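Engineer: Got a structure for you, questions after.
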Amino acid sequence: MVEKLIKRSIHEAENPIEITLREAFCVLEPKLRPPFPLTIPTQEEYLNLNRAILYGILCEPHLAKVHIKHLHGVITDGYEYFTSILVKIVIELYGKLVDSVKRQLIWVTHEMVDVSAVGYDGLLVALLRQIVGGDFGEENLWLCFEMVNLFSSKWVCLLEEAPLVLSGALYVFLRLLADHCRVMNIPKIESLRKMEIGFCVRMLREKFSLCLRIGRDLVRLLQDLVHVPEFRSIWKDLLYNPSAFKVDGFVDVSKIYGTRTSRWYFLLRVTPEMESQLRFLLTRVQFGSQKRYQVWFARKFLAVPERKAVVIDIVRFICCAHHPSNEIIHSDIVPRWAVIGWLLKYDLKHYVEANLKLALFYDWLFFDEKVDNVMNIEPAILLMVHSIPRYIDITHSLLEFLFILLDNYDLERKEIVSQGISTALHTLVSKGVVQSLDVLTSCNMLSPIFKERLGKLLSDWQFQHRKEFQTTNIPRGVIPSFSSSPESQTSA
Amino acid sequence: MEPETTLQPLKNIVPAAQNNINAKFILLDKGRVTLEGQYKTCLALVADETAAVHFQLWGDECDVFEPGDIILLTNGIFSYSRNNLVLRAGKRGKAEKVGEFTLAFVETPNLSEIRWAPDPNDSKKYVQQAVVSPHSRIFVPPR
């Protein structure tokens, strides 16, 4: 009898991948036992053989060792095709896989790392993405454990062959620890936490230059863990004793601030299904027709209270990993700021809401036109502007948070943050994301203190960069009307 | 091997006493389950990019399909069932879940909220006569 790959409910269509694999297995089953045929297969036969052996490995655990030996004997493409099907299975079917198949999947992943299979880095990334944030169920924690175990046990070869994936794993486990360190009374979480902390501390202490590849979001993640004893000394060194990390050229944490985090990292904390739904919402759904989709999304991903913390990662994804084309921006498709506004309206724990706003503004804090993309900072300003007047409390709370960040994010490097935010504001106007900040600075529903500070941020920036503007026409409305800097006399 | 059947956009379906509807749509909303004899039944709103229609779920379909599910209907039937004009799988048809979420839809027109009349040229066929309501009166679009 042929074992099943996935749990399928009645009235659910059969999955094409499963059909292909199962059919190959059924046809070739007699040839999957020793003595193995020695004839050289055609291309099509080779692909089918890969499919059949893969199905056997996943569904016949008691024969897995026979199948893998067979596989090693017939491979001619560095396991490239075999690994590519594994990746497909993880991305499209992981949630539906039968439990025993999941165990086999991890087992064969270890095997693929051991033989340096072509594309195994993609397989590791696909598996990391299947760890659901805020899910403390047994199955999810099991996957967490297996992945941190894999990364720890294959440390040496991963360092050599897939260092970027190791940095991705660091991103994932630092983020997961923020959730794992906040719960009590979950069985087995203590030992899992220990392993995760062990892996992260080892990366930070032994391979700091690799950790730096993450960029500024490394600081955002570490900040959430300063209350954890093992990270306290790392945090202290980061801020006050950077030479402890022994990386040439790393003399201050501000260097990390100046490195924009690549969008690839933000995909790691959003499952492929979530990604696909969010991208669909932001490319195919008309603004005004998104209500039903939002209900379905929330019911699927945000129903359990602990899982709501994923909104932090969703906001980072939307800002940095989904940049709509000009065509979409000028169409009537749901804009990014509207989706973020919807998430903000959820009943969120204080620290989740604060982290969501931090995620929204993070690239504002260190914005540098040479390094940063205006698309990362666009949703925040548009959310503030479009919330006037109907949702003025959102505009207010976001502005308030922005100034809290300006005043408190890094007390010893306030200049950097101030510079970042001013540059962000200037760029948003100069690139035409908003015509001017007048809509905020002239809004009589907003606190005068915020309006004044906003105006000052922009005029300070103009003053600092005055040389650039001496011979340039400043577009109308860029400089708030109550500014008294000399340059404002030249505005059109 | 089954031949590939062409799918009809929902705006083109016409009431008939035939199992001739093949369509792909997304389930928007589900009503309460009631009993018709010993069988569970439940009315639902489904839609594709062209139109919406009421779908009658039958038996375990009531439990298995949820809002957001993308359904492929083969050999379905669009006809009057107790004065309601509904799309359903019927005895000879099949409704299967093929995905979730990623299908665009409109809630207007709703083919079940149209008054149909026999075609003057062919009494076996129906044509649209009047719009009773632009959208479902049972599953009103969310604001």
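Engineer: Of everything in the range A:206-251, what is more than 28 Å from residue A:321 (Cβ to Cβ) and of a type in the set (Asp, Glu)? Give them in sequence order.
Structural biologist: The answer is A:206, A:230, A:237, A:248.
Engineer: Restrict the check to the range A:133-142 and report whether at least one residue is among the aliphatic types (A, V, I, L, M), farther than 17 Å from residue A:54 by Cα, touching a helix residue (DSSP H, G or I) at 6+ places or on another chain (Cβ under 8 Å) and touching a residue at least 24 places away in the same chain (Cβ under 8 Å).
Structural biologist: So far as the range A:133-142 goes, yes, one or more of its residues are among the aliphatic types (A, V, I, L, M), farther than 17 Å from residue A:54 by Cα, touching a helix residue (DSSP H, G or I) at 6+ places or on another chain (Cβ under 8 Å) and touching a residue at least 24 places away in the same chain (Cβ under 8 Å).
Engineer: Sticking with this structure for a sec: When the residues of the range A:277-304 are narrowed to those that are within 15 Å of residue A:132 (Cα to Cα) and in a loop (DSSP other than H, G, I, E, B), which ends up farthest from the other protein chains (Cβ to nearest Cβ)?
Structural biologist: A:304
Engineer: Looking at the structure I just gave you, is residue B:98 within 9 Å of chain A (Cβ to nearest Cβ), part of a loop (DSSP other than H, G, I, E, B) and not polar (S, T, N, Q)?
Structural biologist: Criteria not met by residue B:98.
Engineer: For the range B:35-57, how many residues are at pLDDT 95 or above and out of contact with any Gly (no Cβ under 7 Å at 6 or more places or on another chain)?
Structural biologist: The total comes to 14.
Engineer: How many of the residues making up the range A:1-19 are crowded, with 16+ Cβ neighbours inside 10 Å and either away from chain B (no Cβ under 14 Å) or not in a loop (DSSP other than H, G, I, E, B) (or both)?
Structural biologist: 5
Engineer: Exactly one of (1) touching a residue at least 60 places away in the same chain (Cβ under 8 Å); (2) not assigned by TED's automatic domain parsing to the domain that holds residue A:265 is unmet by residue A:108. Its number?
Structural biologist: (1)
Engineer: I'm checking my understanding of the structure. Among residues of the range A:169-219 that are over 19 Å from the mean Cα position of the chain (by Cα) and of a type in the set (Asp, Glu), which one is surrounded by the most Cβ atoms within 10 Å (Cβ to Cβ)?
Structural biologist: Ranking the qualifying residues of the range A:169-219, first place goes to A:206.
Engineer: Looking at the range B:39-56 only, could you name the residues that are more than 10 Å from chain A (Cβ to nearest Cβ) and more than 13 Å from residue B:136 (Cβ to Cβ)?
Structural biologist: B:39, B:40, B:41, B:42, B:48, B:50, B:56
Engineer: Please go through the range A:419-440 and pick out each residue that is in contact with an Asp or Glu (Cβ under 8 Å, 6 or more places away or on another chain) and surrounded by 19 or more Cβ atoms within 10 Å (Cβ to Cβ).
Structural biologist: Correct list: A:420, A:422, A:423, A:424, A:427, A:428.
Engineer: For residues that are at pLDDT 95 or above and among the acidic types (Asp, Glu), scanning just the range A:231-253, find the one that is farthest from residue A:362 (Cα to Cα).
Structural biologist: Within the range A:231-253, the match that is farthest from residue A:362 (Cα to Cα) is A:237.
Engineer: Still on this structure, I have one more. Would you be able to say whether some residue in the range B:72-90 is without any contact (Cβ under 8 Å) to a residue 40 or more places away in the chain, under 19 Å from residue A:299 (Cβ atoms), facing chain A (nearest Cβ under 10 Å) and not basic (Lys, Arg)?
Structural biologist: No: the range B:72-90 contains no residue that is without any contact (Cβ under 8 Å) to a residue 40 or more places away in the chain, under 19 Å from residue A:299 (Cβ atoms), facing chain A (nearest Cβ under 10 Å) and not basic (Lys, Arg).
Engineer: Give me the helices (runs of 4 or more DSSP H) completely within the range A:128-208, filtered to those with at least 3 residues that are small (Gly, Ala, Ser) and on the phi < 0 side of the Ramachandran plot, ordered by residue number.
Structural biologist: Passing ranges, in order: A:163-180.
Engineer: Let me ask something else about it. Does residue A:91 fit the bill of being surrounded by 14 or more Cβ atoms within 10 Å (Cβ to Cβ), away from chain B (no Cβ under 14 Å), touching a residue at least 60 places away in the same chain (Cβ under 8 Å) and β-branched (Val, Ile, Thr)?
Structural biologist: When the stated conditions are applied, residue A:91 passes them.
Engineer: Restricting the first residue to the range A:256-267 and requiring it to be buried (at least 18 other Cβ atoms within 10 Å of the Cβ), which pairs with a second residue that is of a type in the set (Ser, Thr, Tyr) meet a Cβ separation below 6 Å and a spacing of at least six or different chains?
Structural biologist: Every condition considered, the pairs that remain are A:265/A:171.
Condition check ((1) more than 14 Å from chain B (Cβ to nearest Cβ); (2) exposed (fewer than 14 other Cβ atoms within 10 Å of the Cβ); (3) in contact with a helix residue (DSSP H, G or I) (Cβ under 8 Å, 6 or more places away or on another chain); (4) in a helix (DSSP H, G or I)) across all residues:
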{"position": "A:21", "(1), (2), (3), (4)": "yes, no, yes, yes"}
{"position": "A:25", "(1), (2), (3), (4)": "yes, no, yes, yes"}
{"position": "A:35", "(1), (2), (3), (4)": "yes, yes, no, no"}
{"position": "A:40", "(1), (2), (3), (4)": "yes, yes, no, no"}
{"position": "A:48", "(1), (2), (3), (4)": "yes, no, yes, yes"}
{"position": "A:52", "(1), (2), (3), (4)": "yes, no, yes, yes"}
{"position": "A:62", "(1), (2), (3), (4)": "yes, yes, no, yes"}
{"position": "A:72", "(1), (2), (3), (4)": "yes, yes, no, yes"}
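Engineer: Every residue in the range B:15-38 that is without any contact (Cβ under 8 Å) to a residue 40 or more places away in the chain and surrounded by 14 or more Cβ atoms within 10 Å (Cβ to Cβ), please.
Structural biologist: B:30
Engineer: Tell me which helices (runs of 4 or more DSSP H) are completely within the range A:395-492 and hold 3 or more residues being at pLDDT 75 or above and in contact with a strand residue (DSSP E or B) (Cβ under 7 Å, 6 or more places away or on another chain), or say none if there are none.
Structural biologist: Those helices (runs of 4 or more DSSP H) do not exist here; none qualify.
Engineer: Sort through B:88, B:82 and tell me the only one that's modelled with pLDDT under 95 and of a type in the set (Lys, Arg).
Structural biologist: B:82
Engineer: Another question, then. Which of the residues spanning the range A:234-246 are farther than 17 Å from residue A:207 by Cβ and hydroxyl-bearing (Ser, Thr, Tyr)?
Structural biologist: A:240
Engineer: Kindly evaluate residue A:139 against the criterion of being outside the structural domain of residue A:317 (by TED's automatic domain parsing) and at pLDDT 95 or above.
Structural biologist: yes
Engineer: Something else about it: When the residues of the range B:101-115 are filtered to those that are within 14 Å of chain A (Cβ to nearest Cβ) and aliphatic (A, V, I, L, M), which remaining residue is surrounded by the fewest Cβ atoms within 10 Å (Cβ to Cβ)?
Structural biologist: B:104
The values are calculated or read from the model by the stated rules, or taken from the named source; none is laboratory data. What you are looking at is a predicted structure, and each value in this text was computed from that prediction instead of being measured. Please note: Cβ atoms are built from the backbone with ideal geometry, for glycine as well, and neighbour counts cover all protein chains shown.
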